[in-house]
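The values are calculated or read from the model by the stated rules, or taken from the named source; none is laboratory data. Quick caveat: nothing in here was measured; it's all calculated off a predicted structure. All Cβ positions, glycine included, derive from the backbone under ideal geometry; neighbour counts span all protein chains shown.
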Amino acid sequence: MPVPAPRPAEPSATPPDAGLTLLVIESDPAGPLSVPEITDMSGAGGGVVGKPFRVRTARNLTEAERLLTDDVDCILLDLTAPPADGTEELAALHEVLRLAPRHAVLALTAEADAERAAEAVRAGAQDYLFREELDGRVLGRAIRYAIARKRADLTQRQLTESRLRAQENARLERGLLPTPLLAGSGLRFAARYRPGRSRALLGGDFYDAVRTPDGTVHAMIGDVSGHGPDEAALGVELRIAWRALTFAGLCGDELLATLQQVLEHERADEETFATLCAVDISPDGRRAGLSLAGHPAPLLALPGQAPRLLPQEDGGPALGLLRRARWPRTQVELGGRWSLMMYTDGLIEGRIGAGSERLGQDGMVELISRQVKDGLRGEALLEAAVARVQELNGGELTDDLAVLLLDRGVRGEGGAVRMIPAQGQAPEPELSHLQV
């Protein structure tokens, strides 16, 4: 008879007022196995000290399947007699391990067959006993040891699987982060990205920057509403769609309308929306077109002037809110030297001190202005800005945060794209280095 799929049950569901339960599987046709009386003197597995073990006996694997209920703590498999049908000597053990993958298993052999006993442990049994030395004291101790070892093995396996999944997820998420394509643009690029979810590498914020064959530099930053893996996945889809549509020649209102269609088809919930800020910088670097979809306006810094926000009154609604929305494109004069900072609301919605007051756009402009006066540029500017925002918040921010900086003709640092780890994470290595 075929053995059914492994049971997902825990190795023991014994009530707290009962002793441990042992399932004995016999294989010796010469006579039944005589199991000595055993008493649980440790309370292991939830048993009360002094309670006797409960013993069930199965004459074969078919009967063992019926008796293997959730309250069984340990299985004693008799391997004394070799298989009568000529099958592999440990075939019965392999079947038991398949039938009960979460139960402790003890192999019982003859003392003269020590090699088979050792082989049984290598195959997956927690321990072995010799039939000649079987008594209540030895058996009780072996059962308690086997249960403890099985639980330790299961815990270690779960930790290993969890660690492997975390490493795989980290590699996947890191691979989904953008690699800006700006070679030949003459611009410096810097970015900071920090997800709000603990231990995550990717959040609902997304950004990208590319240079199309006509020399135009396109950059965007966006934020999917909500927090979680679904929002992170949608952010990646929108970023990839934006890059493809940009290289296909779409821009401004036409591009955002198409992105909205992508969002409507891919979102898990009809309430989900996304804000987005997109700029396209002319090949000579002196002008830019700005399109806003419910997103805060970028910050522009020019030599000898205080940083200021670009116009945001003519922006359109967030993607996914209105079916027939329009997103006007505003023309902005940049000049020969400038710095343009794009960001998500994670940078401006942190608290100031212990109260409910938020930093806001005005507070962010003042913060950046002071740091620019101190001579900070590029990477150093972003690092100091994020650190100061966290300091004002009194600790780690709970929202996703993304911020990118494009410089033209401004001396300073630039090029390294790094991750700011979530609270409790070790710092991530530098992900990429752009010299554009």
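Taken together, the residues in the stretch 259-268 that are part of a helix (DSSP H, G or I) and surrounded by fewer than 16 Cβ atoms within 10 Å (Cβ to Cβ) amount to 4. Kindly indicate which of V24, V49, V35 is modelled with pLDDT under 75 and of a type in the set (V, I, T). Selected residue: V49, the only one of V24, V49, V35 that is modelled with pLDDT under 75 and of a type in the set (V, I, T).
Within the stretch 221-252, the set of residues being closer than 7 Å to G204 by Cβ, part of a helix (DSSP H, G or I) and among the charged types (D, E, K, R) comprises just one member, E231. Against the test of being more than 30 Å from G375 (Cα to Cα), at pLDDT 95 or above and either assigned by TED's automatic domain parsing to the domain that holds L181 or surrounded by fewer than 16 Cβ atoms within 10 Å (Cβ to Cβ) (or both), the options L290, L309, L321, L276 yield a single qualifying residue, L321.
For E88, the requirement of being over 21 Å from S34 (Cβ atoms) and surrounded by 14 or more Cβ atoms within 10 Å (Cβ to Cβ) is not met.
Filter the stretch 390-409 for residues that are touching a strand residue (DSSP E or B) at 6+ places or on another chain (Cβ under 7 Å) and either part of a strand (DSSP E or B) or modelled with pLDDT of 90 or more (or both) and give the result. Those that are touching a strand residue (DSSP E or B) at 6+ places or on another chain (Cβ under 7 Å) and either part of a strand (DSSP E or B) or modelled with pLDDT of 90 or more (or both): L401, A402, V403, L404, L405, L406, D407, R408.
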